[in-house]
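One structure is given here, and the rest of the page talks about it.
The values are calculated or read from the model by the stated rules, or taken from the named source; none is laboratory data. What you see is a predicted model, and the numbers here were worked out from it, not measured in a lab. Quick reminder, even Gly has a Cβ in these numbers, built from the backbone with ideal geometry, and neighbours come from all protein chains shown. Heavy atoms of the whole protein, side chains included, go into the accessibility calculation; ligands, DNA and RNA do not. Shrake-Rupley method; radii C 1.70, N 1.55, O 1.52, S 1.80 Å.
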Amino acid sequence: MIPGDTATIDRPGLDRLVDVLHDRGLRVIGPVLRDGAIILDVLESGAQLPAGWGVETAPGRYRVRQREDDAVFAHCAGPSSWKQFLHPPHRKLGDIEPDLTVESAPRSTVPTAFLGVRGCDLAAMGILEHVLGDAVYPDRSSPAGRRPFLVAVNCTEPSTVCFCASMGTGPGVSTGFDLALTELIDSAGHRFVVDIGTDAGAEILTAVRPSTAAATDIARARDAVASAASRMGRAMPDLDLRALIRDSLESPHWDDVASRCLTCANCTMVCPTCFCTTTEDVTDLTGDHAERWQRWASCFEPDFSYLHGGSVRQSGASRYRQWLSHKLSTWYDQFGSSGCVGCGRCIAWCPAGIDITAEVARLAELRPGTTDDDG
Ligand code: SF4
Ligand code: SF4
């Protein structure tokens, strides 16, 4: 088998894939059901995958629900993302010595495989790698400082908060994976069509002992992904978003959002591309030992924009405007792409149900020079 080939594995084959990855010395991270959500964590075996569980989402709502079949990947993005393994929420940077030099903490050297990476999250990983890895001072905090082995999943069941199709990141994956699975369940059984992306993927899949993919299964898999694209719960308005944000800096809508927004920062924590951090030095009670830690920060925190004398962005309106403007506009200026991949996490996990697609649509309605007659 070579990159570009397609094969099929059955449900036990998926468990074998996890075993083969372990046999190659890889720590495997994938979806598991825990505490009423499908999160990402270390997999000891394929039996831990959330077989038979799906999710229901809406703005401000996320519930797991039992399915009538044993589908493993029929759920949308959950509260955790791969960001937590590539750019950890809390990380020791080093020990501070008595002469105030900082001794860097060693990084994890465990090679890792990610199992179940969606198109939106694959795009988000590429964005994070560019933001953190290609910076003037690169932050290579990923496990072992190297790319994980990637088993992607083509989405066939988008949720009501997903809008990856309108952001051009999903529901299918086209590049950047070692293996890509499309789950099929019908009268012919439970199986996965597997696209091979790399030589490493071909080597691993060969060890799993796949079957030849039937032409009908390949067609069914492609149709399922195309159908998912047409069943997205939402869409980002098809506009020049950079121009819209530029024209909307003084929009009254920022105050409207602020009247609902709790500035809780949930949206930035769950977002797979938000990358901001702060650094803290802590000492033990004797004062003999100090450590430097990095932790995720959010532009919704008042201290985030603190300069001498106070915070630059004191109001909730200015903080929401900063977040949305960065995601959809100034991110292009800094990094050459959108900062949003359409995963929908910020919509489901916003306690106020604030919906980035709806807020953009309203900004467009209120854009200076736009009258009700236009819309
Ligand atoms: S938009 Fe929602 S999740 Fe984000 S800070 Fe405001 S209330 Fe919290
Ligand atoms: S802004 Fe929202 S929808 Fe876009 S990538 Fe972040 S969490 Fe996902």
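Selection within the stretch 349-364: residues that are within 10 Å of ligand 1 (Cβ to nearest atom) and of a type in the set (Gly, Ala, Ser). The member of this set that is nearest to Ala243 (Cα to Cα) is Gly353. Taken together, Trp349, Trp331 contain a single residue that is crowded, with 20+ Cβ neighbours inside 10 Å and within 17 Å of the chain's Cα centre (by Cα), which is Trp349. From the list Gly172, Gly201, which residue is part of a helix (DSSP H, G or I) and buried (at least 20 other Cβ atoms within 10 Å of the Cβ)? Checking each option against the conditions leaves just Gly201. Do we find a residue being outside any loop (DSSP other than H, G, I, E, B), surrounded by 18 or more Cβ atoms within 10 Å (Cβ to Cβ), of a type outside the set (Gly, Ala, Ser) and within 23 Å of the chain's Cα centre (by Cα) anywhere in the stretch 69-80? No, the stretch 69-80 contains no residue that is outside any loop (DSSP other than H, G, I, E, B), surrounded by 18 or more Cβ atoms within 10 Å (Cβ to Cβ), of a type outside the set (Gly, Ala, Ser) and within 23 Å of the chain's Cα centre (by Cα).
Residues in the stretch 334-346 that are surrounded by fewer than 17 Cβ atoms within 10 Å (Cβ to Cβ) and not in a loop (DSSP other than H, G, I, E, B): Gln334, Phe335.
Residue-by-condition table, conditions (1) assigned to a loop (DSSP other than H, G, I, E, B); (2) modelled with pLDDT under 95; (3) buried (at least 21 other Cβ atoms within 10 Å of the Cβ); (4) in contact with a Phe, Trp or Tyr (Cβ under 6 Å, 6 or more places away or on another chain):
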site	(1), (2), (3), (4)
Ala113	no, no, yes, yes
Leu122	no, no, yes, no
Val136	yes, yes, no, no
Asp139	yes, yes, no, no
Ala152	no, no, yes, yes
Pro158	yes, yes, yes, no
Cys162	yes, no, yes, no
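The set of residues in the stretch 224-269 being touching a Ser or Thr at 6+ places or on another chain (Cβ under 9 Å), open to solvent by 70 Å² or more (accessible area, probe 1.4 Å) and part of a helix (DSSP H, G or I) consists of Arg242, Arg246, Asp255.
Residue-level check: of (1) assigned to a loop (DSSP other than H, G, I, E, B); (2) away from ligand 1 (no atom under 16 Å from the Cβ), Arg295 misses just (1).
Could you grab me the full set of residues in the stretch 306-329 that are without any contact (Cβ under 8 Å) to a residue 24 or more places away in the chain and either among the hydrophobic types (A, V, I, L, M, F, W, C) or closer than 30 Å to Ala77 by Cα (or both)?
Filtering the stretch 306-329 down to residues without any contact (Cβ under 8 Å) to a residue 24 or more places away in the chain leaves 306-314, 322.
Leu307, Val312, Gln322, listed by residue number.
Is it fair to say Asp303 is open to solvent by 80 Å² or more (accessible area, probe 1.4 Å) and within 26 Å of the chain's Cα centre (by Cα)? Let's see the steps before the verdict.
Details: open to solvent by 80 Å² or more (accessible area, probe 1.4 Å): yes; within 26 Å of the chain's Cα centre (by Cα): yes.
Yes; evaluated as a whole, the condition is true for this residue.
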